[in-house]
Ligand code: FE
Ligand code: FE
Ligand code: ZN
């Protein structure tokens, strides 16, 4: 299948059918959304009928896998036990609800070790995942590559690999690579995309890479800032980001735009990236 799977992050406020229509309107064939208020409040009740209507849209327009996003305030390696328990609770509930749409992805930010050190953080994240993951669930959980601001875990491929190594149901875990984050983390995808892809393959294994967050960055290589920019308006640039979508090891993945845009802006980014892809 030589067709770019691309979409943007959408608001889930009006449900799945609305997101599907929204995506089609932008000529997208995937999308991302927060499973609940990003600050981790109560999730909206899922309407089975809404999900069915979405499935029809997705089938008709040949959608790829969609990429749900956990609230970014969860901290699976918080020092306080009740915060880690909260992460278990929310992720379990989200994954239960994802069973309405089996076979998709759920990505999350591994966490902030807040001074405990990376090793302790990694151990705690794996423990949370081992409490959350159930062998019969049909959603793959993706660890996101992070920019390394503050005490973020996932600042390099090695840290993500270490988490995966401690997870029991390893086949339930994959990676979501964020281009802004790895650029800010010091991986030079502008001058050496091939080298970065090879490094990912040797540290984690390309077979575990399941989705890409396609973002430009406001800041230079290695800045550890995490400020997304519109495609082509930042320090990575359109050429390099298009090259990511066309790389033989990546071109089949779902690409999600998390650029600071409105619907027209995303539609335009999708149009340009599709044009350069074909
Ligand atoms: Fe994210
Ligand atoms: Fe991201
Ligand atoms: Zn980010």
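Tell me yes or no: at least one residue of segment 80-103 is within 18 Å of residue 145 (Cα to Cα) and within 16 Å of ligand 1 (Cβ to nearest atom). No, segment 80-103 contains no residue that is within 18 Å of residue 145 (Cα to Cα) and within 16 Å of ligand 1 (Cβ to nearest atom).
The residue that is nearest to ligand 2 (Cβ to nearest atom), among those in segment 181-207 that are within 22 Å of residue 5 (Cα to Cα) and in a loop (DSSP other than H, G, I, E, B), is 189.
Residue 210 meets each of the listed conditions (1) touching a residue at least 60 places away in the same chain (Cβ under 8 Å); (2) part of a loop (DSSP other than H, G, I, E, B); (3) more than 16 Å from ligand 3 (Cβ to nearest atom); (4) crowded, with 16+ Cβ neighbours inside 10 Å apart from (2).
Taking the criterion of being at positive phi and more than 16 Å from the chain's Cα centre (by Cα), the residues of segment 221-268 that qualify are 222, 224, 232, 237. Within segment 10-21, take every residue that is under 20 Å from the mean Cα position of the chain (by Cα) and surrounded by fewer than 20 Cβ atoms within 10 Å (Cβ to Cβ) and give me the one that is modelled with the lowest pLDDT. Restricting to residues being under 20 Å from the mean Cα position of the chain (by Cα) and surrounded by fewer than 20 Cβ atoms within 10 Å (Cβ to Cβ), the top hit is 13.
Considering segment 122-155 alone, what residues qualify as being within 16 Å of ligand 3 (Cβ to nearest atom) and crowded, with 18+ Cβ neighbours inside 10 Å?
142, 143, 144, 145, 146, 147, 148, 152, 153, 154, 155
The set of residues in segment 129-149 that are in a loop (DSSP other than H, G, I, E, B) and either free of Cβ contacts under 8 Å to residues at least 60 places away in the same chain or farther than 19 Å from residue 159 by Cβ (or both) comprises 133, 134, 135, 136, 137, 138, 139, 145. Applying the criterion of being away from ligand 2 (no atom under 16 Å from the Cβ) and surrounded by 15 or more Cβ atoms within 10 Å (Cβ to Cβ) to the residues of segment 100-113, the residue that is farthest from residue 176 (Cα to Cα) is 100. The set of residues from segment 106-128 being in contact with a strand residue (DSSP E or B) (Cβ under 7 Å, 6 or more places away or on another chain) and more than 20 Å from residue 37 (Cβ to Cβ) comprises 110, 113, 118, 121, 122, 125.
All conditions but one from (1) touching a residue at least 24 places away in the same chain (Cβ under 8 Å); (2) more than 16 Å from residue 26 (Cβ to Cβ); (3) more than 16 Å from ligand 1 (Cβ to nearest atom); (4) out of contact with any strand residue (DSSP E or B) (no Cβ under 8 Å at 6 or more places or on another chain) apply to residue 205; the one that does not is (1). Cβ separations smaller than 7 Å between residues 6+ apart or across chains give the following pairs from segment 105-127 residues that are over 23 Å from residue 138 (Cα atoms) to residues that are in a helix (DSSP H, G or I) and away from ligand 1 (no atom under 16 Å from the Cβ): 111/121; 113/120; 113/121; 122/162; 124/84. Here the condition is being in contact with a strand residue (DSSP E or B) (Cβ under 6 Å, 6 or more places away or on another chain) and either free of Cβ contacts under 8 Å to residues at least 60 places away in the same chain or closer than 23 Å to residue 212 by Cα (or both); of 9, 25, it holds for 9 alone. The set of residues from segment 44-73 being within 16 Å of ligand 1 (Cβ to nearest atom) and at pLDDT below 95 comprises 71, 72, 73. Against the list (1) within 16 Å of the chain's Cα centre (by Cα); (2) away from ligand 1 (no atom under 13 Å from the Cβ), the condition residue 146 fails is (2).
Restricting to strands (runs of 3 or more DSSP E) lying wholly in segment 26-121: which have 2 or more residues that are away from ligand 3 (no atom under 16 Å from the Cβ)? Correct list: 105-108. Please go through segment 217-255 and pick out each residue that is assigned to a helix (DSSP H, G or I) and within 16 Å of ligand 2 (Cβ to nearest atom). Passing the criteria: 241, 244, 245. Evaluation of residue 87 against the conditions (1) surrounded by 22 or more Cβ atoms within 10 Å (Cβ to Cβ); (2) in contact with a strand residue (DSSP E or B) (Cβ under 7 Å, 6 or more places away or on another chain); (3) more than 29 Å from residue 263 (Cα to Cα) shows that the sole unmet condition is (2).
The values are calculated or read from the model by the stated rules, or taken from the named source; none is laboratory data. Only a predicted model underlies this, so the values are computations on that prediction, with no experimental measurement involved. For neighbour counting, all protein chains shown are included, and Cβ atoms are generated from backbone atoms with ideal geometry for every residue, glycine included.
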